[in-house]
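S.K.: Before I ask anything, here is the structure I am working with.
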Amino acid sequence: MKKIAIPFLINAVIALNSMAADWQPVSLSSKVTNVQPMTGLVLWPSEAEDHYSAYGKSHAMEYSYVAPCKVVKGCNADSTIQYDWSYMDNLLDDIKSRNHQAVIRFFYEYPGEAMVDKNVGTTGVPAYIKARSDYKESSKTVAGDGFTYYADWRCTELQRFTKVFFTDFAQRYEKDPRIAFVEVGFGHWSEYHIYDENGVDIGKDGNFPKKDYQKEFFLHLSKVMGSIPWAISIDAADDDYSPFASDKDLRKLEFGLFDDSFMHKDHEIGSKEGYNEECWNTMGKDRWKTGVCGGEISYYSSSDQKNFTREEGMYGLTWKGQSEKYHITFMIANDNPSKNSYKNADRFKECSMMTGYHFVVTKCITDGTQTKITVENAGVAPLYRDAYFAIGSIRSEQTLRGLLPGESTEVTIDAALERDNKGRAISKPTIACDYILDTQTIEYDCDYNVTTTGLQDVEQQNTDDGQRYDITGKKVSEDYRGLVVVKGKKILYKDKLK
């Protein structure tokens, strides 16, 4: 067996560049240096503002609850809802002012807090519904959580309004780049929590919607939310008061999941409890492929939010390992900046960049009229909204949405990528997305250099077997189209061999 070094003939490459319809490689250099839009660790707006100078570039999103009553002013005689969206828009503009997008959670019950009207435990149900004679809220002092009122789900107008509200919200905000994700649900904090052990009788006095209405609501939500990625709590796996565990039709919907106590001591199966992981499994181990997965770092221990960013992790688990296992795109870590003195903003940014998608361009060729780019997702989750490679204003037809970790795809742009006389791109392709802020950029890694001298070290084994190599020295299949090396010679294949 003889070894022949693959020659790299720069002159031949440049000469071929002038031939019409010849696919020629283009050198590209690019680096992911920032937390990518719609990924990473998340702070509440107040914390994000307080820590902006140090942490502003260490995260890309902020989280906020929103009570529907804040934007609803009444109901017309024809049953259309009267809105004033200024509360929502002011919130989104504030978050945008820090170059961040919002994760929004709508809620009706928030135990022990006065965030609706300065009275503790007030629900987020609109005033016009509370004024109805067929609506009556119950209340309870919940152990460990505080006093709360409960929405009255016996009221048919509350049921109707809740569906209409999300229809109207989606119509207004579906294409709004200020919003990254929306979380929905029922019970305390919309987390599917009403604890029996706290003395709350679930379902009594209409304090929780019945299973048939929940199914009706989520089927409706899947139709009206459009392209907005939405998620529900993993606690919806509880078969006692949720229909998901026993309803395959509901589990087929493309929704995501959020876990409000991620990485707590007994999170995993095999620990003392394992409840959280069991819920993830019940709701669908592959749900992350179509629905965004996120949540909130645990508050079970006062040190959880503080310690999870350490390289050694906590409870024998690391953030890197858990974000990979659960394909995490975002995670609320609001207390980490104020409580953690360990590497602070730099480590916070590093942990943010361990989530979500991460695009890597492995090949770029052009024939003078079109450009083909091969891109791989080296992240832990797909992108959940449409984005496209673009040259100038011309975008590829193929979206990057849904490209799974470890997978690659080829996209075609109907535009030439200009090169200099050394085969380098004069201007780089960009990734265009209508769902990010105009101050944000989706980046990609690329070190594709057609003039590298390192190729002279690539050796072809067994030159008699006809194995093909691309110009970077990687083995390619017979289906590969472009410039290849076979038995030490360069050959340009423009069409798939038959």
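The values are calculated or read from the model by the stated rules, or taken from the named source; none is laboratory data. Because the structure is predicted, anything quoted here is derived from the model rather than measured. Don't worry about glycine lacking a Cβ; one is built from the backbone with ideal geometry, like all the others, and counts go over all protein chains shown.
S.K.: So if I check each of Thr162, Thr148, which one is in a helix (DSSP H, G or I) and either within 33 Å of the chain's Cα centre (by Cα) or under 20 Å from Val71 (Cα atoms) (or both)?
M.R.: Details: Thr148 fails: in a helix (DSSP H, G or I).
Of Thr162, Thr148, the one residue that is in a helix (DSSP H, G or I) and either within 33 Å of the chain's Cα centre (by Cα) or under 20 Å from Val71 (Cα atoms) (or both) is Thr162.
S.K.: Additional query: In this structure, does Asp176 turn out to be in contact (Cβ under 8 Å) with a residue 40 or more places away in the chain and in a loop (DSSP other than H, G, I, E, B)? I'd like the intermediate steps shown before the answer.
M.R.: Working: in contact (Cβ under 8 Å) with a residue 40 or more places away in the chain: yes; in a loop (DSSP other than H, G, I, E, B): yes.
When the stated conditions are applied, Asp176 passes them.
S.K.: Looking at region 383-406 only, could you name the residues that are in a loop (DSSP other than H, G, I, E, B) and without any contact (Cβ under 8 Å) to a residue 40 or more places away in the chain?
M.R.: Taking region 383-406 as the starting set, the residues that turn out to be in a loop (DSSP other than H, G, I, E, B) are 384-387, 392-393, 396-400, 402-406.
Across region 383-406, the qualifying residues are Gly392, Ser393, Ser396, Glu397, Gln398, Thr399, Gly406.
S.K.: Follow-up. It is to be established whether one or more residues within region 261-275 are β-branched (Val, Ile, Thr) and crowded, with 24+ Cβ neighbours inside 10 Å.
M.R.: Our first condition is that a residue be β-branched (Val, Ile, Thr); within region 261-275, this holds for 269.
Right, trim to crowded, with 24+ Cβ neighbours inside 10 Å and you get none.
Within region 261-275, not a single residue is β-branched (Val, Ile, Thr) and crowded, with 24+ Cβ neighbours inside 10 Å.
S.K.: Then there's this: Filter region 276-286 for residues that are in a loop (DSSP other than H, G, I, E, B) and among the charged types (D, E, K, R); which is surrounded by the most Cβ atoms within 10 Å (Cβ to Cβ)?
M.R.: This residue is Lys285.
S.K.: Looking at region 301-313, I want the residues that are basic (Lys, Arg) and have a partner that is part of a loop (DSSP other than H, G, I, E, B) and loosely packed, with under 15 Cβ neighbours inside 10 Å with Cβ atoms under 8 Å, at least 6 apart or on another chain. Which pairs are those?
M.R.: Arg310/Tyr342
S.K.: Okay, moving on. Could you pull out the residue among Ile297, Ile202 that is β-branched (Val, Ile, Thr) and surrounded by fewer than 22 Cβ atoms within 10 Å (Cβ to Cβ)? Write out each step before concluding.
M.R.: Details: Ile297 fails: surrounded by fewer than 22 Cβ atoms within 10 Å (Cβ to Cβ).
Checking each option against the conditions leaves just Ile202.
S.K.: Criterion first (under 27 Å from Thr122 (Cα atoms) and acidic (Asp, Glu)) does Asp205 satisfy it?
M.R.: Working: under 27 Å from Thr122 (Cα atoms): yes; acidic (Asp, Glu): yes.
Criteria met by Asp205.
S.K.: Considering every residue within region 447-462, establish whether at least one is surrounded by fewer than 19 Cβ atoms within 10 Å (Cβ to Cβ), at pLDDT 80 or above, assigned to a strand (DSSP E or B) and not aliphatic (A, V, I, L, M).
M.R.: yes
S.K.: Moving on. Can you spot a residue in region 248-269 that is part of a strand (DSSP E or B) and at pLDDT below 95? Spell out how you get there, then give the answer.
M.R.: At the first step, the residues of region 248-269 found to be part of a strand (DSSP E or B) are 256-262, 269.
Now drop any that are not at pLDDT below 95, which leaves none.
There is no residue in region 248-269 that is part of a strand (DSSP E or B) and at pLDDT below 95.
S.K.: A further question on this structure: Would you confirm whether or not region 21-43 contains a residue that is at positive phi, at pLDDT 95 or above and buried (at least 22 other Cβ atoms within 10 Å of the Cβ)? Quick ask: steps written out before the conclusion?
M.R.: Taking region 21-43 as the starting set, the residues that turn out to be at positive phi are 21, 38, 40.
Cutting the leftovers down to at pLDDT 95 or above gives us 38, 40.
Applying the additional criterion that residues be buried (at least 22 other Cβ atoms within 10 Å of the Cβ) yields 38, 40.
Yes, the conditions are met somewhere in region 21-43.
S.K.: To continue, here is another question. Look at Thr318 and say whether it is in contact (Cβ under 8 Å) with a residue 40 or more places away in the chain and of a type in the set (Val, Ile, Thr). Full working, then the answer.
M.R.: Values: in contact (Cβ under 8 Å) with a residue 40 or more places away in the chain: no; of a type in the set (Val, Ile, Thr): yes.
The answer is no for Thr318.
S.K.: Assigned to a loop (DSSP other than H, G, I, E, B), aliphatic (A, V, I, L, M) and within 15 Å of Lys140 (Cα to Cα): does that describe Val116? Write out each step before concluding.
M.R.: Details: assigned to a loop (DSSP other than H, G, I, E, B): yes; aliphatic (A, V, I, L, M): yes; within 15 Å of Lys140 (Cα to Cα): no.
No, not satisfied.
S.K.: Scan region 389-400 and tell me whether some residue there is under 21 Å from the mean Cα position of the chain (by Cα) and within 26 Å of Gly56 (Cα to Cα).
M.R.: To start, the set of residues in region 389-400 that are under 21 Å from the mean Cα position of the chain (by Cα) comprises 389, 398-400.
Now drop any that are not within 26 Å of Gly56 (Cα to Cα), which leaves none.
Checked region 389-400: no residue is under 21 Å from the mean Cα position of the chain (by Cα) and within 26 Å of Gly56 (Cα to Cα).
S.K.: Determine whether region 179-186 contains at least one residue that is over 30 Å from Trp319 (Cβ atoms) and in contact with a Gly (Cβ under 9 Å, 6 or more places away or on another chain). Working first, answer last.
M.R.: Taking region 179-186 first, the residues over 30 Å from Trp319 (Cβ atoms) are none.
The answer is no, given that none of the residues of region 179-186 is over 30 Å from Trp319 (Cβ atoms) and in contact with a Gly (Cβ under 9 Å, 6 or more places away or on another chain).
S.K.: To continue, here is another question. Among the residues of region 333-376, how many are under 12 Å from Glu410 (Cα atoms) and either of a type in the set (Gly, Ala, Ser) or surrounded by 20 or more Cβ atoms within 10 Å (Cβ to Cβ) (or both)?
M.R.: 8
S.K.: Same structure, new question: Could you list all residues from region 168-182 that are under 17 Å from Ala432 (Cα atoms) and touching a Ser or Thr at 6+ places or on another chain (Cβ under 7 Å)?
M.R.: Result: no residue meets the conditions.
S.K.: Is it the case that region 51-61 has a residue that's in contact (Cβ under 8 Å) with a residue 12 or more places away in the chain, in a helix (DSSP H, G or I) and surrounded by fewer than 18 Cβ atoms within 10 Å (Cβ to Cβ)? Show your work before the answer.
M.R.: Narrowing region 51-61 to residues in contact (Cβ under 8 Å) with a residue 12 or more places away in the chain: 51-52, 54-61.
Those still in the list that are in a helix (DSSP H, G or I) too: 52, 54-55.
Retained after the next criterion (residues that are surrounded by fewer than 18 Cβ atoms within 10 Å (Cβ to Cβ)): 52, 54.
Within region 51-61, one or more residues are in contact (Cβ under 8 Å) with a residue 12 or more places away in the chain, in a helix (DSSP H, G or I) and surrounded by fewer than 18 Cβ atoms within 10 Å (Cβ to Cβ).
S.K.: Output yes when any residue across region 364-382 is free of Cβ contacts under 8 Å to residues at least 40 places away in the same chain and hydrophobic (A, V, I, L, M, F, W, C), and no when none is.
M.R.: No, the conditions are met nowhere in region 364-382.
S.K.: Condition first: farther than 19 Å from Arg385 by Cβ and free of Cβ contacts under 8 Å to residues at least 60 places away in the same chain. Now tell me which residues in region 409-436 satisfy that.
M.R.: Once the filter is applied, which keeps residues that are farther than 19 Å from Arg385 by Cβ and free of Cβ contacts under 8 Å to residues at least 60 places away in the same chain, region 409-436 yields Glu410, Thr412, Ile413, Asp414, Ala415, Ala416, Glu418, Asp420, Ile426, Ser427.
S.K.: Please work out which one of (1) without any contact (Cβ under 8 Å) to a residue 60 or more places away in the chain; (2) under 29 Å from Ala143 (Cβ atoms); (3) among the aliphatic types (A, V, I, L, M); (4) touching a strand residue (DSSP E or B) at 6+ places or on another chain (Cβ under 7 Å) is the condition Ala231 fails and give its number.
M.R.: It fails just one condition, (1).
S.K.: Given the structure, is Thr167 over 15 Å from Asp201 (Cα atoms), surrounded by fewer than 20 Cβ atoms within 10 Å (Cβ to Cβ), of a type in the set (Val, Ile, Thr) and at pLDDT 95 or above?
M.R.: Values: over 15 Å from Asp201 (Cα atoms): yes; surrounded by fewer than 20 Cβ atoms within 10 Å (Cβ to Cβ): yes; of a type in the set (Val, Ile, Thr): yes; at pLDDT 95 or above: yes.
Here the answer is yes, as Thr167 does meet what is asked.
S.K.: Considering every residue within region 127-137, establish whether at least one is surrounded by fewer than 17 Cβ atoms within 10 Å (Cβ to Cβ), touching a strand residue (DSSP E or B) at 6+ places or on another chain (Cβ under 9 Å), modelled with pLDDT of 95 or more and outside any helix (DSSP H, G or I). I'd like the intermediate steps shown before the answer.
M.R.: Of all residues in region 127-137, those surrounded by fewer than 17 Cβ atoms within 10 Å (Cβ to Cβ) come to 127, 131-134, 136.
With touching a strand residue (DSSP E or B) at 6+ places or on another chain (Cβ under 9 Å) added as a condition, the list becomes 127.
Filter once more, so that each one left must be modelled with pLDDT of 95 or more: 127.
Subset that is outside any helix (DSSP H, G or I): none.
Scanning region 127-137, I find no residue that is surrounded by fewer than 17 Cβ atoms within 10 Å (Cβ to Cβ), touching a strand residue (DSSP E or B) at 6+ places or on another chain (Cβ under 9 Å), modelled with pLDDT of 95 or more and outside any helix (DSSP H, G or I), so the answer is no.
S.K.: Let me ask you something else. Give region 341-362 a look and list any residue that's modelled with pLDDT of 95 or more, over 17 Å from Gly294 (Cα atoms) and of a type in the set (Phe, Trp, Tyr), or say none.
M.R.: Residue satisfying the conditions is Phe359 alone.
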